[in-house]
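Here is the structure we will look at.
The values are calculated or read from the model by the stated rules, or taken from the named source; none is laboratory data. For clarity, every value in this text was computed on a predicted model and none was experimentally measured. Here the Cβ is made from the backbone with ideal geometry for all residues, glycine too, and neighbour counts use every protein chain on show.
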Amino acid sequence: MTKVIKNGTVLTADRQWTADVLIEGETIKQIGENLSGDEVIDAEGAYVIPGGIDPHTHLEMPFMGTTAAETFESGTWAAATGGTTMLVDFCLPGEDGSIKNAINEWHRKSAPQICSDIGYHMAITGWNESVFAEMKDAVEMGVNSFKHFMAYKGALMIEDDEMFASFKRCRELGALPMVHAENGDLVADMQAEMLAKGITGPEGHAYSRPPEFEGEAANRAITIADAAGTPLYIVHVSCEQAHEAIRRARQKGMRVYGEPLIQFLTLDESEYFHTDWEHAARRVMSPPFRSKDHQDSLWAGLQAGSLQVVATDHAAFTTEQKRMGIDNFTLIPNGSNGLEERLAVLWTKGVETGRLTPEEFVAVTSTNVAKILNIYPQKGAIVEGADADIVVWDPKISKTISPANHHSVLDYNVFEGWEVTAQARHTLSRGEVIWSWGQNSQPQPGRGRFVKRPPFASASKALSQWKELTAPKQIQRDPMNIPAGI
Ligand code: DUC
Ligand code: ZN
Ligand code: ZN
Ligand code: ZN
């Protein structure tokens, strides 16, 4: 059984050209002119792009006294309708602290539900011998990246010595360390200060997490990664301070990657000063949205290549869940949506405005993610032999974003009312059409697969020049040769 996507413009991270794409079973068989197959998918007037990969989601995550409302089923389905064919979800250890058990628990939850493919990152929330040992099990189970929270004091936060130990372990295992960069000690203090001043609303969230706290943590994580000799992936980069730290590290030769979110590129801090509490609370996430200057810095980073991917940190909490923090902003579950809207909003605000080329759009939504997470070219590519995760991306379908027409379980949408100018006409996951514009028929839950991501082949050579200069030397001393006068 073959399918052919005909008459479209194949658009990759490198170039665009007119070609048909022939799919046999789950993979791409051939790319060329005048191809034929058992079934024809029309791509006239549209681009044929590698399916989006969202490197950062939190589906059904237990967090801040509740559980994220987006399920693996609704999340992967919503993603598919928006042109995203794979997501990488963050796996958190349970009460027993076991990494292996946590991964198995994520499999138990996700396997019967997923409509498209997924991977995991594993969170390291403390340090001991069994964490050290089990990181190897995680890599063998196909999880080659470990996230460290430098914020959420008293809950997920990790200390610098623990992070250093974990990064060194990542180096041994060929795994990629990641950080949530915010100074959690200072955030906790500032939160208490805001509450003491009587600032209990969502604006207190923004005041207590300034960009300087993020920049400091980004610099600290980079120093730790440099000393450990590992690359580093900084999740949800929201501000110039963190971006600047990444630019500087890259200039020194370090492999430091930065991930702005679609929300940070397009929504700003004024949302937290909205007079409607619910409007503001629905947008509470960490780090918070920033000012326009920071947005410009993030766009510039995507253009210049100092920031490589665009994610969502999709952590969906309903209005009712957000109301847990009605009297105290520190109790508002942190998170916002974007899994379904990421591609359309980035196209509208990035490509349509001339900020990104169509090729850069593909790079930051798919190809770069696949490369950094070591699943390229199985994912993120339109080449012979790759998984047929393909989107027929139509730049002529416009839509007004609304909870009435989205596929997320959320009762609101942070992009509500926005007009977007492109949509997925068809989304294919390993050769199966799982979404067609105007049809709205959900694929079989459980058809998706967990994608094992292998360790990186060579230990990182991320050590900066600084490390070389400070390489220790043994000094030969003659104990008898004590200078006079001492
Ligand atoms: N930030 C959020 O806003 N939600 C989930 C976790 C995180 O770091
Ligand atoms: Zn500390
Ligand atoms: Zn985070
Ligand atoms: Zn996150």
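Scanning the stretch 31-67 for residues that are in contact (Cβ under 8 Å) with a residue 24 or more places away in the chain, part of a strand (DSSP E or B) and away from ligand 1 (no atom under 16 Å from the Cβ) returns I31, E39, V40, I41, D42, Y47, V48, I49, P50, G52, I53.
Within the stretch 110-121, does at least one residue satisfy the condition of being more than 18 Å from V369 (Cβ to Cβ), within 16 Å of ligand 1 (Cβ to nearest atom) and touching a residue at least 60 places away in the same chain (Cβ under 8 Å)? Within the stretch 110-121 (the criterion being more than 18 Å from V369 (Cβ to Cβ), within 16 Å of ligand 1 (Cβ to nearest atom) and touching a residue at least 60 places away in the same chain (Cβ under 8 Å)), the answer is no, since none of the residues qualifies.
Restricting to the stretch 184-206, and then to whatever is of a type outside the set (G, A, S) and surrounded by 22 or more Cβ atoms within 10 Å (Cβ to Cβ), can you tell me which residue is nearest to ligand 3 (Cβ to nearest atom)? Give the steps one after another, and end with the answer.
Here is the first cut: in the stretch 184-206, the ones of a type outside the set (G, A, S) are 185-187, 189-191, 193-195, 197, 199-200, 202-203, 205.
Right, trim to surrounded by 22 or more Cβ atoms within 10 Å (Cβ to Cβ) and you get 187, 202, 205.
Numbers: V187: 12, P202: 18, H205: 14 Å.
Result: V187.
Restricting the search to the stretch 133-170, which residues are touching a Lys or Arg at 6+ places or on another chain (Cβ under 6 Å) and in a helix (DSSP H, G or I)? Across the stretch 133-170, the qualifying residues are E134, M135, D137.
Quick check on this structure: which one of L356, L343 is in contact with a helix residue (DSSP H, G or I) (Cβ under 7 Å, 6 or more places away or on another chain) and assigned to a loop (DSSP other than H, G, I, E, B)? Can you show your working first?
On the way: L343 fails: assigned to a loop (DSSP other than H, G, I, E, B).
Criteria check complete, one pass: L356.
Scan the stretch 255-281 for residues that are of a type outside the set (A, V, I, L, M, F, W, C), buried (at least 19 other Cβ atoms within 10 Å of the Cβ) and over 27 Å from V351 (Cβ atoms) and the total you get is 1.
If you go through the stretch 323-339 and keep only what is part of a helix (DSSP H, G or I) and within 13 Å of ligand 4 (Cβ to nearest atom), you end up with nothing.
Within the stretch 401-434, the only residue that satisfies the criterion of being surrounded by fewer than 16 Cβ atoms within 10 Å (Cβ to Cβ) and in contact with a Phe, Trp or Tyr (Cβ under 6 Å, 6 or more places away or on another chain) is P403. Restricting attention to the stretch 47-54, does a residue exist that is within 30 Å of E320 (Cα to Cα) and either at pLDDT 95 or above or under 29 Å from the mean Cα position of the chain (by Cα) (or both)? Yes, because at least one residue in the stretch 47-54 is within 30 Å of E320 (Cα to Cα) and either at pLDDT 95 or above or under 29 Å from the mean Cα position of the chain (by Cα) (or both). In summary, helices (runs of 4 or more DSSP H) completely within the stretch 200-259 and bearing 3 or more residues that are among the hydrophobic types (A, V, I, L, M, F, W, C) occur at 211-228, 240-251. Considered as a group, the residues in the stretch 144-180 that are away from ligand 4 (no atom under 16 Å from the Cβ), of a type in the set (K, R) and in contact (Cβ under 8 Å) with a residue 40 or more places away in the chain include one that is surrounded by the most Cβ atoms within 10 Å (Cβ to Cβ), and that residue is R171.
Surrounded by 24 or more Cβ atoms within 10 Å (Cβ to Cβ), among the β-branched types (V, I, T) and touching a Ser or Thr at 6+ places or on another chain (Cβ under 7 Å): does that describe I246?
Numbers: surrounded by 24 or more Cβ atoms within 10 Å (Cβ to Cβ): yes; among the β-branched types (V, I, T): yes; touching a Ser or Thr at 6+ places or on another chain (Cβ under 7 Å): yes.
For I246, the condition - surrounded by 24 or more Cβ atoms within 10 Å (Cβ to Cβ), among the β-branched types (V, I, T) and touching a Ser or Thr at 6+ places or on another chain (Cβ under 7 Å) - is met.
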